[in-house]
Amino acid sequence: MIDLRSDTVTKPTEAMRQAAYEAEVGDDVYEEDPTVNKLEERAAEMLGKDAALFVTSGTQGNQIAILTHCKPGDEVILEQDAHLFVYEGAAMSALAGVQPRTIKGERGAMSPADVASAIRGEDIHFPETGLICLENTHNKAGGAVLPLENMKTIAQIAREHHIPIHLDGARLFNAAAATGISVDRYAALTDTVQFCLSKGLGAPVGSIIAGSADFIKQARKWRKRLGGGLRQSGIVAAPGLVALNEMTERLVEDHQHAEKLAAGLAELDGLTVENEVETNIILVNTKRAGYTAEQFLDALRAEGILAVPFGAHTVRFVTNYHITEEDIESVLTKVNQLVN
Ligand SMILES: *Cc1c(COP(=O)(O)O)cnc(C)c1O
């Protein structure tokens, strides 16, 4: 199978398995796991933040950030297709008791003017704006990179209103690989950051959240409340360290493969590539070829290719480190047969 469903389907590398085997461990609830501590220090350093916390998943990291920044009754401003709004089971409402305020963006980027006008003024009737969330790269927008300038302008508005910003940077390293702008320059524009070790970076488990020392202290308590306080978690943190040390630079390969796949698919009859492919995600519209997304996925599966539906006629392909140049060529050959 050529598995292009997600960059989460990767298996740990040999180096990751070896690191897990050899990891020095302790009880992380007592903050005594040397491997977890090392991973958190390394992540904080790479992001240019005071402190970081190893969490079980991107969703847990995002939700801990909201729980830490906000109080019940607050409002959170975010883009209408944000992962935090669409794909986290309304956790911000269910767990933090906050209300989302969505704004339609352009390729995942909210206009700073829209953000400014969504910030609530003083009024006994209104909720209080507790947080602004950004997503870079933006999943629903097809791995689109949020421009640094857009983030800068929103950061300035947030600062003027004393509202914190959280960056859902599940794929922040993809943004950095695509633009050459280092992750700490993006992170410097936001109070807190979440990124996934278990997506393009290939680790089996976990995400990082990072921010000020005080924020991480409170976040650690929320993690415990959510049942995310783990014991000898150095076993799963060790592959995360390998991910940070060995897997960030190679993301450009995934992007090259995605570009090649997108260019090839765009030439085929009846298929349209919906997004401008900047990173590792390709959204393909199958309508003119006479397929619904589900029909197209069935046909792909019969050819040994996996992808996921992303709309009635939209299919998402994601490249990852298992996917080779030969895989891309093979996909193009087989899809060509399907649409002809
Ligand atoms: C995958 C993803 C998450 C959630 O990460 P999980 O580890 O799957 O919980 C959050 N935000 C974005 C943008 C994502 O793509």
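The values are calculated or read from the model by the stated rules, or taken from the named source; none is laboratory data. Being a predicted model, the structure only gives us computed values, none of them experimental. We place every Cβ from the backbone using ideal geometry, glycine too, and count neighbours over all the protein chains shown.
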request  = Take the range 287-323 and flag every residue that is touching a residue at least 60 places away in the same chain (Cβ under 8 Å), farther than 18 Å from VAL277 by Cβ and in a loop (DSSP other than H, G, I, E, B).
outcome  = GLY304, HIS322
Given (1) in the same structural domain as ALA116 (by TED's automatic domain parsing); (2) of a type in the set (Asp, Glu); (3) touching a strand residue (DSSP E or B) at 6+ places or on another chain (Cβ under 7 Å), number of the condition ASP3 does not satisfy = (1)
key: Hits in the range 157-185 (condition: over 20 Å from HIS83 (Cα atoms) and in contact (Cβ under 8 Å) with a residue 24 or more places away in the chain)   = ILE157, ALA158, HIS161, ILE163, ALA177, ALA178, THR179, ILE181, ASP184, ARG185
Matching entry among GLU249, GLU253, GLU276, GLU259 (being among the charged types (D, E, K, R), under 14 Å from GLY143 (Cα atoms) and under 19 Å from the mean Cα position of the chain (by Cα)) = GLU276
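When the range 206-223 is examined, which residues are found to be outside any strand (DSSP E or B), within 15 Å of the ligand (Cβ to nearest atom) and on the phi < 0 side of the Ramachandran plot? Give the derivation first.
Taking the range 206-223 first, the residues outside any strand (DSSP E or B) are 206, 212-223.
Restricting the remaining residues to those that are within 15 Å of the ligand (Cβ to nearest atom) gives 206, 223.
Selection gives ARG223 alone.
Yes or no: ALA203 closer than 17 Å to THR137 by Cα, within 16 Å of the ligand (Cβ to nearest atom) and touching a helix residue (DSSP H, G or I) at 6+ places or on another chain (Cβ under 7 Å)?
On the way: closer than 17 Å to THR137 by Cα: no; within 16 Å of the ligand (Cβ to nearest atom): yes; touching a helix residue (DSSP H, G or I) at 6+ places or on another chain (Cβ under 7 Å): yes.
Spelling it out, it is not the case that ALA203 is closer than 17 Å to THR137 by Cα, within 16 Å of the ligand (Cβ to nearest atom) and touching a helix residue (DSSP H, G or I) at 6+ places or on another chain (Cβ under 7 Å).
Scan the range 153-169 and give yes if some residue there is touching a Gly at 6+ places or on another chain (Cβ under 6 Å), assigned by TED's automatic domain parsing to the domain that holds VAL115, within 15 Å of the ligand (Cβ to nearest atom) and not aromatic (Phe, Trp, Tyr), otherwise no.
In the first step, residues of the range 153-169 are kept if they are touching a Gly at 6+ places or on another chain (Cβ under 6 Å); the result is none.
Among the residues of the range 153-169, not one is touching a Gly at 6+ places or on another chain (Cβ under 6 Å), assigned by TED's automatic domain parsing to the domain that holds VAL115, within 15 Å of the ligand (Cβ to nearest atom) and not aromatic (Phe, Trp, Tyr), which makes the answer no.
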query = Which one of ILE216, ILE181 is within 18 Å of HIS69 (Cβ to Cβ) and hydrophobic (A, V, I, L, M, F, W, C)?
reply = ILE216
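So which residues in the range 123-170 are part of a strand (DSSP E or B), of a type in the set (D, E, K, R) and within 22 Å of GLU278 (Cβ to Cβ)? Reasoning before the result, please.
Pass one, the range 123-170, residues part of a strand (DSSP E or B): 128-135, 138, 144, 165-168.
In the following step, the residues that additionally are of a type in the set (D, E, K, R) were identified as 128, 135, 168.
Correct list: GLU135, ASP168.
Here's the yes/no breakdown for (1) buried (at least 17 other Cβ atoms within 10 Å of the Cβ); (2) within 16 Å of the ligand (Cβ to nearest atom); (3) in contact (Cβ under 8 Å) with a residue 60 or more places away in the chain; (4) on the phi < 0 side of the Ramachandran plot:
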residue	(1), (2), (3), (4)
SER6	yes, yes, yes, yes
PRO12	yes, yes, yes, yes
ARG17	no, no, yes, yes
GLU31	no, no, no, no
LYS38	yes, no, yes, yes
message = Residue pairs, Cβ under 7 Å, 6 or more apart or interchain, first in the range 208-237 and outside the structural domain of ASP27 (by TED's automatic domain parsing), second buried (at least 22 other Cβ atoms within 10 Å of the Cβ) and at pLDDT 95 or above. List them.
response = none
request  = Run ALA91 past the list (1) surrounded by fewer than 24 Cβ atoms within 10 Å (Cβ to Cβ); (2) hydrophobic (A, V, I, L, M, F, W, C); (3) in contact with a Cys (Cβ under 7 Å, 6 or more places away or on another chain) and report the number of the one that doesn't hold.
outcome  = (3)
query = Taking the stated definitions as given, is ALA20 in the same structural domain as ALA210 (by TED's automatic domain parsing) and under 19 Å from PRO239 (Cβ atoms)?
reply = yes
message = Against the condition within 13 Å of the ligand (Cβ to nearest atom) and assigned by TED's automatic domain parsing to the domain that holds ARG231, how does ASP81 come out, does it pass?
response = yes
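Could you tell me which of the residues PHE173, PHE195 is within 13 Å of the ligand (Cβ to nearest atom), modelled with pLDDT of 95 or more, in a helix (DSSP H, G or I) and not assigned by TED's automatic domain parsing to the domain that holds THR319?
Working: PHE195 fails: in a helix (DSSP H, G or I).
It is PHE173.
Confirm whether ILE235 is part of a helix (DSSP H, G or I) and either surrounded by 15 or more Cβ atoms within 10 Å (Cβ to Cβ) or among the aromatic types (Phe, Trp, Tyr) (or both).
On the way: part of a helix (DSSP H, G or I): yes; either surrounded by 15 or more Cβ atoms within 10 Å (Cβ to Cβ) or among the aromatic types (Phe, Trp, Tyr) (or both): yes.
Criteria met by ILE235.
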